[in-house]
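Report on the structure given below.
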Amino acid sequence: IWGRPRTRPLPWRISRWRRMAWMTCPGNHEIEADMVGNTFTAYEARFAMPEVAPAVQAPSPDESDCTPSAFQGVYDYGNAFYSFDYSIVHVVMLNSYTNTSVGSSQYEWLKADLAKVDRSRTPWIIAAFHCPWYNSND
């Protein structure tokens, strides 16, 4: 059941978690299919991140491989990718589990988002995502 926590947190952790700001990005543990096969539905319900647009989802034909390069589902907008400013930093949260090619929703959004950054106000840009898009592993 996707609404149930996976582990029971220790009491001291609970008090800390309640005082912390959570800015999350989706990863392989959030690929949980709902009854019609859409993935990331539970992630959308658990977290409320700055939404660029309503979430767009489509089922993955094969959920057994959650490697970003092999995952074929669609999860754009919603909590999938977004940005925010924190002091002098512009933070970009990206989705490793969606199409990232030129012309994709995330690519076009990122291009427009970075074009709007005022580097005199936010000279630092930090990007975060769950796993690397590229690596030297064979």
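Each reported figure results from applying straightforward, stated rules to the coordinates on display, with no laboratory input. What you see is a predicted model, and the numbers here were worked out from it, not measured in a lab. Positions of Cβ are generated from backbone atoms using ideal geometry, with glycine treated the same way; all protein chains shown enter the neighbour counts.
Things worth noting here:
- Put a dot 7 Å past the Cα of ILE88, heading toward its Cβ, do the same for TRP22, and the two dots end up 3.1 nm apart.
- Residues whose amide H comes within less than 5 Å of that of ASN99, counting only those at least five positions distant or on another chain, are TYR75 (H built at 1.01 Å from N in the peptide plane).
- Contour excess over end-to-end distance, with Cα ends at ARG46 and HIS29 and 0.36 nm allotted per residue: 4.8 nm
- Interchain or long-range residues, amide H under 5 Å from ALA127's placed H: VAL92
- Phi-based couplings in Hz for region 29-34 (Karplus 6.51, -1.76, 1.60; Gly and Pro marked x): 6, 8, 7, 10, 6, 8
- Rounded to whole numbers, the Karplus 3J(HN,Hα) couplings from phi for region 113-130 are 5, 5, 5, 8, 5, 8, 5, 6, 8, 10, x, 9, 10, 10, 10, 10, 7, 5 Hz, using 6.51 cos²θ - 1.76 cosθ + 1.60 with θ = phi - 60°, and x at Gly and Pro.
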